[in-house]
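In what follows, a structure is listed as structure tokens, so that the remarks can point back to it.
All of the numbers you see were taken from the coordinates with simple rules; none came from a lab. Computed from a prediction, not measured in an experiment: that's the story for all the values here. Methodologically, a virtual Cβ is constructed for each residue, glycine included, from the backbone with ideal geometry; neighbour enumeration extends over all protein chains shown.
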Amino acid sequence: MPRRDDLESILILGSGPIVIGQACEFDYSGTQAVRALKEEGYRVILVNSNPATIMTDPDLADRTYIEPLTPEWVEKVIEAEKPDAILPTMGGQTALNIAMSLSENGVLEKHGVELLGANARSIEMAEDREEFAKAMERIGLKVTTGGFAKTLEQALEIVEETGYPSIIRPSYTLGGTGGGIAYNREEFEAQVRKGLDASPITEVLVDRSVLGWKEYELEVVRDGADNVIIVCSVENFDPMGVHTGDSITVAPAQTLSDVEYQEMRDASLAIVREIGVEAGGCNIQFAVNPEDGEILVVEMNPRTSRSSALASKATGFPIARVGAKLAVGYTLDELPNDITKTTPASFEPVLDYVVVKFPRFAFEKFAEVNPVLGVQMKAVGETMAIGRNFRAAWQKGLRGLEIDRSGWVIGERLKDDGLEADDPASLLAALRRPTADRPFQLRRALEAGLTIGDLHEATGIDPWFLDQLARILELEAEWREAASGRLDAVDPVVLRRMKREGFSDIQLAAIAGSTEDAVRELRWSHGIHPTYTAVDTCAGESPAATPYYYS
């Protein structure tokens, strides 16, 4: 289908002020959408209260309003600009909530403004957790839902059935705002009150506990002709109980069997069709029981998200750009892949590398915040690293955090991982509480002789990931032995292998008791230099016209 000619002007809603859980990722998506619609000749109006974004640059949209992101102010813009449609799926939860408010109070109908990408019914089904649970039941999928409550009394009745620990999730909030985990009645009552206050519709979901289950996310794109593709699968390093924005995440998923992946993929296609996302991107989260493989649906976002930005950069597939064009009538097979220029956007991306995202925390700026991670997001940013294997991407990701790490190392500060002792009991006790220090606590635990089984039992982290970390320590030991004599006697094959495994020159020097300059000179003398590999969406199957690269 060609672009819609019955539309002339389109209003895009941004995500507003920078808050934890919602900021730069939506600027990235919104900017792509503005440019995509301008390419098609539409007049683009933008409302975003945050002037410190790329999308509010004066030369981007045709008309930019840096006004409060409230239904009242957006209505004034609609009255002044008279847009034909609103694209609400590029501005996170803020944009969706405003679009829903304008729909419910009759503003959109009054001014003849259409919702693009997802209609009001679809947004309500996806965002209202009770409606979502009913939708999943209709298509034969199971959810984590225990029950829904509008009052504390109703919540207490539900928890009598689901038991403790209990997970509380408010409806219509972003980043898990207002959510939490309660281990007893006192904590439960406090968390429910907080959740009811945070929810715009005064509703919380009391979940059956799936703490320790594995968590996965699929990025899905659908067009108006019902073509659906999976852009990327993402696996959380941390199990359920840690918000995905606070978890280390890995793409593509590493520990799924093909049977499990296909089941999850089929479920995603059924979900996006049942919810009725008309055109564009969305993401769906699943919980998988590591004991028997049972799959539950956690939630769906009928819009671009933080994960959409990650998936776009990880695969080279511009989800927001494609989603904006799908929203105005194109189908996936009509749009070219921007990277290859020869294959259509309906081809699912293929990765021949591994991407690791590390969250960035700043608890030093928020002294009163509890550093234990839970279902409400606390990360203030993230870094994304690409490597030929998980181990290399893991080390590169840590270096990118700007926390004075040269890789997966403990560092010079004695308490930099929150521990003062190396005894197994202290290590295991610390590991049972997820914190920003957990990656380094895992290293301390492995060095102290704790087994992968011990660490899996304490953390719920999949043994495959723990085995990969143990392999990094084995490689360090091999390098230490190889470089224990004269550094210049090291076999260049060994040095090349260490570089391919993601070790920095500083790391190699520290292990060998040498200097960074000496390691670099040795590396150069053997002609060992960084190479650059394409992120081309197709694992080299088609020539890439405009790829970007990782080293």
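Tell me which of Thr435, Val490, Thr31 sits at the most positive position along the dipole axis of the chain, charges placed on C-beta atoms (Lys, Arg +1; Asp, Glu -1).
It is Val490.
How long are the semi-axes of the equivalent ellipsoid of the range 264-403, defined as square roots of 5 times the Cα gyration tensor eigenvalues? Whole Å, largest first. Don't skip to the answer; put the middle values down first.
Values: eigenvalues 175, 87, 56 Å².
Equivalent-ellipsoid dimensions as semi-axes: 30, 21, 17 Å.
By how many degrees, between 0 and 90 and to the nearest 10, does the Cα long axis of helix 306-315 differ from the longest principal axis of the chain?
That helix lies at roughly 60 degrees to the long axis.
Could you pull out the pairs from Lys150/Lys365; Lys38/Lys110; Lys110/Lys150; Lys142/Lys214; Lys110/Lys134 whose alpha carbons sit more than 23 Å apart here?
Values: Lys150/Lys365 35 Å; Lys38/Lys110 26 Å; Lys110/Lys150 31 Å; Lys142/Lys214 16 Å; Lys110/Lys134 31 Å.
Over 23 Å Cα-Cα: Lys150/Lys365; Lys38/Lys110; Lys110/Lys150; Lys110/Lys134.
At a 10 Å Cβ-Cβ cut-off, how would you order His111, His529, fewest neighbours first?
Values: His111 15, His529 9.
Going from least to most buried by this count: His529, His111.
Through the Karplus equation 6.51 cos²θ - 1.76 cosθ + 1.60, θ set to phi - 60°, convert the phi angles of the range 489-505 into ³J(HN,Hα) values in whole Hz; use x for Gly and Pro.
3J(HN,Hα) across the range 489-505, in whole Hz: 8, 5, 4, x, 5, 5, 4, 4, 4, 5, 5, 5, 7, x, 7, 7, 4.
If the only charges are +1 at each Lys and Arg Cβ and -1 at each Asp and Glu Cβ, what is the size of the charge dipole of the range 145-207 around the Cα centre, to the nearest 20 debye?
Values: 5 positive and 10 negative charges, 49 e Å.
Here the range 145-207 has a charge dipole of around 240 debye.
Considering amide H positions built from the backbone, and no H for Pro or chain starts, which residues 5 or more places from Val298, or on another chain, come under 5 Å of its amide H?
Answer set, sorted by chain and number: Gln285, Phe286, Ala287.
Using +1 on the beta carbon of Lys and Arg, -1 on that of Asp and Glu, and nothing else charged, what's the dipole of the range 144-249 about the Cα centre, debye to 20? Write down the numbers at each step before the final one.
On the way: 8 positive and 18 negative charges, 22 e Å.
Dipole about the Cα centre, nearest 20: 100 debye.
Return the lysines within reach of Lys499: Cα separation strictly under 21 angstrom, same-chain partners fewer than 8 residues apart disregarded; answer none if there are no such residues.
Straight-line reach from Lys499, under 21 Å: Lys357, Lys396.
Can you give the helix-only mean residue ellipticity at 222 nm for the chain, where every DSSP H stretch with n ≥ 4 adds -39500 (n - 2.57) and the sum goes over all residues, rounded to the nearest 500 deg cm²/dmol?
Mean residue ellipticity at 222 nm (helix-derived): -11500 deg cm²/dmol.
Could you tally the net charge around Asn50, taking each other residue with its Cβ under 15 Å from the Cβ of Asn50, Lys/Arg +1 and Asp/Glu -1? Show your work: numbers first, answer last.
Values: positive: none; negative: Glu25, Asp27, Asp57, Glu67.
Value of the local net charge: -4.
Roughly how many debye, to the nearest 20, is the charge dipole of the range 454-551 about its Cα centre, given +1 on each Lys and Arg Cβ, -1 on each Asp and Glu Cβ, and no other charges? Before the final figure, lay out the partial values.
Working: 9 positive and 17 negative charges, 85 e Å.
Magnitude of the dipole: close to 420 debye.
Tell me which of Gly293, Phe347, Val272 sits at the most positive position along the dipole axis of the chain, charges placed on C-beta atoms (Lys, Arg +1; Asp, Glu -1).
The listed residue farthest towards the positive side: Phe347.
Select one label from (1) 25.5, 85; (2) 24.4, 81; (3) 26.7, 92: the one whose number is Rg and Dmax of the Cα atoms in Å as derived from the coordinates shown.
Given (1) 25.5, 85; (2) 24.4, 81; (3) 26.7, 92, the calculated one carries the label (2).
Summing Lys, Arg as +1 and Asp, Glu as -1, what charge do residues with Cβ under 13 Å from the Cβ of Val277 carry, Val277 excluded? If you can, show how the numbers build up before the last one.
Values: positive: Arg121, Arg222, Arg273, Arg303; negative: Glu124, Glu127, Glu219, Asp223, Asp226, Glu274, Glu278.
Local net charge: -3.
Just to confirm my numbers, what's the Cα centroid distance between the range 336-375 and the range 1-71 in Å?
About 22 Å separates the Cα centre of the range 336-375 from the one of the range 1-71.
Run the numbers on the range 288-369 and let me know its relative contact order in percent, using alpha-carbon pairs under 8 Å that are six or more apart.
Over the range 288-369, the number comes to 17 percent.
Relative contact order for the chain using alpha-carbon pairs under 8 Å, separation at least 6, rounded to a whole percent? If you can, show how the numbers build up before the last one.
On the way: 1116 pairs, mean separation 69.4, N = 551.
In percent, rounded to a whole number, it is 13.
Mind running the shape call on the range 9-116? Use the C-alpha gyration tensor, a ≥ b ≥ c as the square roots of the eigenvalues: rounded below 1.5 for a/c, prolate if a/b tops b/c, oblate otherwise.
Values: a/c = 1.65, a/b = 1.18, b/c = 1.40.
The shape class here is oblate.
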